[in-house]
Amino acid sequence: MEGGLTPSIGLLRKVKENVRIPVFVMIRPRGGDFLYSEYDIEVMKEDIVACKKNGADGIVFGVLTRDGYVDEACCQELIDTSRPLAVTFHRAFDMTVDYKAALESLIKLGFERVLTSGQECSALDGLPVLQELVLLAGDRIIVVPAGGITERNVERILSGSGASELHCSARVTKDSMMSHRNAKVRMGATVSPPEYQYKVTDVGTLKNIKYIANVT
């Protein structure tokens with residue numbers, strides 16, 4: 001309902017034990033906007049330090065100013081805490097007021113990647129802006145299309161944008177195996193995900209997307 005948040009250290013450790021690819025960790029202390037308080041930034045720094053100690057290969061975050069620009073000062077603090085790991089600016093980029101100015105800020109700060117849907121709800125809808133961003137970025141930063149990427153549209157998104165990498169969740173909904181269900185109770189607000197369903201990455205879907213991407 002609110003996008004990705006910082007994972008637990010337990011999850012990071014188990015992922016590192018079971019995969020051989022680099023693991024980049026999202027640092028996002030809460031849902032909602034990307035205008036963070038001093039306390040939020042301190043929490044993010046602590047999370048970055050903990051993730052570095054537990055094997056993270058890269059750090060992913062994004063901070064904006066009140067008026068919708070990249071918060072260069074806060075980002076620099078988080079970059080300094082993250083180094084020597086690679087840093088990626090996440091889809092907070094899609095909430096900026098000026099994507100060209102935002103791209104130049106990220107390049108100046110030294111981000112290696114930026115995740116973006118081209119300032120639309122999905123990468124497919126944002127394809128014209130994605131293509132422009134890839135051209136503007138050149139070899140200065142890697143523009144990574146993200147948002148709503150599926151087996152059906154991955155070829156069109158990569159071909160249309162000229163991007164060399166992509167980000168996707170390959171999620172499917174799984175039904176709970178619980179036989180007893182109390183339908184009267186919700187663990188969150190009135191409008192919240194069903195208690196007896198959850199999202200997981202589907203291996204088959206991920207393999208198909210990877211195959212299509214590799215031959216595009």
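Only the coordinates and a few stated rules stand behind these numbers; no lab work does. Here the structure is a predicted model, which means the values were calculated and not measured. As a convention, Cβ positions derive from the backbone with ideal geometry for all residues, glycine included, and neighbour counts pool all protein chains shown.
Conditions (1) in a loop (DSSP other than H, G, I, E, B); (2) more than 24 Å from Cys168 (Cα to Cα), marked per residue:
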site: Thr6; (1), (2): yes, no
site: Gly10; (1), (2): no, no
site: Asp33; (1), (2): yes, no
site: Tyr36; (1), (2): yes, yes
site: Asp67; (1), (2): yes, yes
site: Ala73; (1), (2): no, yes
site: Leu103; (1), (2): no, no
For Ala86, state whether it is touching a residue at least 12 places away in the same chain (Cβ under 8 Å), under 25 Å from Leu12 (Cα atoms) and surrounded by fewer than 19 Cβ atoms within 10 Å (Cβ to Cβ).
yes
Counting only residues that are out of contact with any helix residue (DSSP H, G or I) (no Cβ under 9 Å at 6 or more places or on another chain), in contact (Cβ under 8 Å) with a residue 40 or more places away in the chain and farther than 19 Å from Phe24 by Cα, region 142-187 contains a total of 1
